[in-house]
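Structure first, commentary second.
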Amino acid sequence: MAPSIDVRALVRAAKTRESEVTSTSERHDRFFPDGFVDTTLDDDGCGVASEKSIPIATVDGLSYEREWLGERDADELERALLASPSSWWTSWSNARRVMNAGGNAPSQLFRGEEDLKHFPAYLRALMRAMVNRKTSDAEPNHVLVNEYESRGGITPHSDGAVYAEDVSILTLRGTALIEFWPSEGEITGRPIASVLLEPRSVLTYKGTAYRLRHGIRETDADVVTEETANARALGLNPGARVERNPRGRVSVVFVRKRTVV
Ligand SMILES: O=C(O)CCC(=O)C(=O)O
Ligand SMILES: [Fe+2]
């Protein structure tokens with residue numbers, strides 16, 4: 001006798017799957033209803049790293065691009081990311097909290113579609129844009145968001161061995177000075193280089209630059225120095241003070257974790 005099939009149970013299971021998919025996509029479709037409206041998501045056609053990206057001459061592998069994202073998309077992205085489920089967020093200090101997209105732990109190896117299926121569609125689009133626009137060498141597979149209070153910062157650190165040496169930081173809200181320090185030893189004196197991160201910019205650090213430590217001071221205002229690689233492009237001289245945004249800072253970090261084999 002042929003095994004009996006519980007058709008009702010199959011239909012119920014299919015409906016449950018469908019409603020799970022719908023609830024995830026509904027959550028994401030609240031944002032970017034018309035997709036990205038003022039950002040280039042594709043290769044600009046020149047086949048090389050975006051012409052707008054400035055390599056930082058003093059550090060191999062460090063580059064900075066202004067206005068990577070359009071204004072309207074930046075606003076929408078900030079709204080969307082800050083509305084992520086509370087279970088995706090962790091507070092690191094009272095001045096900084098971190099969101100791991102999809103609720104995936106950064107220390108865990110990348111599990112392919114198993115991890116990506118939890119990502120909102122707009123993040124997948126940005127991850128693809130990172131490689132299409134030659135910002136990253138290969139497609140990022142993990143995204144973290146940092147939200148800092150106005151004075152907040154992050155102690156100098158290296159992002160470590162869990163990621164490929166190819167990280168891009170998109171700043172959405174607030175300006176802050178990021179400083180690069182030698183990979184070892186006491187942090188004293190002046191940094192090797194610093195970059196003033198503006199809203200809508202992308203900073204990329206690869207290879208040598210990845211192996212340095214980077215940090216952001218806790219302060220009310222950053223001070224531009226001789227080492228600030230993009231000061232001139234921003235019309236600032238050493239000694240210029242750049243006040244922090246009273247509303248704090250939001251940055252989005254695109255990384256590539258190693259894959260489960
Ligand atoms: O917020 C930033 O720009 C830097 C963040 C960072 O270094 C990190 O999340 O590892
Ligand atoms: Fe970092």
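The values are calculated or read from the model by the stated rules, or taken from the named source; none is laboratory data. Since we're looking at a predicted model, the values are computed, not measured. FYI the Cβ positions are ideal-geometry reconstructions off the backbone, even for glycines, and counts take in every protein chain you see. Areas reflect the complete protein model, heavy atoms only, side chains present, ligands, DNA and RNA absent. Shrake-Rupley method; radii C 1.70, N 1.55, O 1.52, S 1.80 Å.
Counting only DSSP beta bridges with both residues in the stretch 110-261, the antiparallel share comes to about 95 percent. Note on the chain: antiparallel DSSP beta bridges, both residues inside, total approximately 95 percent of the bridges counted.
Residues whose amide H lies under 5 Å from that of SER201, counting only those 5 or more places away or on a different chain, are GLU67, TRP68, THR171; hydrogens are built 1.01 Å from N in the peptide plane. Stretching THR225 away from THR259 to a fully extended chain increases their span by 8.3 nm, per 0.36 nm per residue minus the current alpha-carbon distance.
Estimated from the Cβ-Cβ distance and a Förster radius of 30 angstrom, the FRET efficiency linking GLU186 and LEU109 is about 0.35.
Taking a ≥ b ≥ c as the square roots of the eigenvalues of the Cα gyration tensor, an a/c ratio of 1.5 or more together with a/b larger than b/c marks the chain as prolate. Springs between Cα atoms under 10 Å define the GNM used for the chain, and in it the highest mean-square fluctuation of SER86, SER150, SER168 occurs at SER86.
Rounded to the nearest 20 debye, the dipole size of the chain about its Cα centre is 620 debye, using +1 on the Cβ of Lys and Arg and -1 on the Cβ of Asp and Glu.
Protein heavy-atom accessible surface, 1.4 Å probe, per residue over the chain: 52 Å². Apolar share of the accessible surface for the stretch 43-255: 48 percent from carbon plus sulfur atoms, 1.4 Å probe.
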